[in-house]
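A short write-up of the structure that comes next.
The values are calculated or read from the model by the stated rules, or taken from the named source; none is laboratory data. From a predicted model like this one, the values you see are computed outputs, not experimental measurements. All Cβ positions, glycine included, derive from the backbone under ideal geometry; neighbour counts span all protein chains shown. Remember, those area values only see protein heavy atoms, side chains included, never the ligands or the DNA or RNA. Shrake-Rupley method; radii C 1.70, N 1.55, O 1.52, S 1.80 Å.
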Amino acid sequence: MIMILLESFVPRSELDPNKYQPFLKKYGFKSKILESPTFGGLSARSEFEILCGIPEVEPLGDITFNYLGGKKTDFCLPSLLSDIGYKNISIIGTAPHFHNNKKAYKSLGFDRSISRDDLDKNDFDGTHPSDLTLYNRALAEILNNKNDKLFLYMFTAAGHSPYRLNLSKRPKLSDNRYLDRITYSERELEDFL
């Protein structure tokens, strides 16, 4: 089972439906647009709500992640999956100290957390690993755990502003940095799937 959270991602088909088709439609995927409960540096709030199914109630946004001390919760998706034999791995494009993620992910039920510092350093978009870097690591984890029931959670950070690209691997496509960023995010996700 794979869950992918793309930071700051809006499909091109939502930005300009007359010009772009939903990028996974040709594979039979249907899409739903979900409204994020936050923006502007509070990504942990979205992560908590998606992984635990309950709202983050603190107005500062990521207070729950910051106070999770490593003790396993019994209501978040990774914990519930662990109870039925899943191995849970998170791969995130941020540093290990962001939002207390080493302890927070352990509290949510992840067996192992892989952060920006554990990823291949050869393909970063600005300060964050490219989506492709996360997908390559995910593929390696899938192959290394092919005999296990696996829940693989990925939180990409390449879509974070100011939307920088590794121009040697992702050449400029337009004068719109955000459009270029999501174009490459779509392509790399499509290739991964």
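Considered as a group, the residues in the stretch 136-193 that are of a type in the set (Asp, Glu) and in contact with a helix residue (DSSP H, G or I) (Cβ under 7 Å, 6 or more places away or on another chain) include one that is farthest from Leu6 (Cα to Cα), and that residue is Glu188.
Residues in the stretch 2-36 that are open to solvent by 100 Å² or more (accessible area, probe 1.4 Å) and part of a loop (DSSP other than H, G, I, E, B): Asn18, Lys19, Gln21, Phe29, Lys30, Lys32, Ile33, Leu34, Glu35.
Taken over the stretch 91-101, residues that are within 11 Å of Asp118 (Cβ to Cβ) and out of contact with any helix residue (DSSP H, G or I) (no Cβ under 9 Å at 6 or more places or on another chain) amount to 0.
Could you list, in sequence order, the residues of the stretch 157-186 that are among the basic types (Lys, Arg) and free of Cβ contacts under 8 Å to residues at least 24 places away in the same chain?
Step one: filter the stretch 157-186 for residues among the basic types (Lys, Arg), giving 164, 169-170, 172, 177, 181.
Those that are among the basic types (Lys, Arg) and free of Cβ contacts under 8 Å to residues at least 24 places away in the same chain: Lys172, Arg177.
Of all residues in the stretch 42-58 being surrounded by 12 or more Cβ atoms within 10 Å (Cβ to Cβ) and not in a helix (DSSP H, G or I), which is modelled with the lowest pLDDT? In this case the residue turns out to be Glu58.
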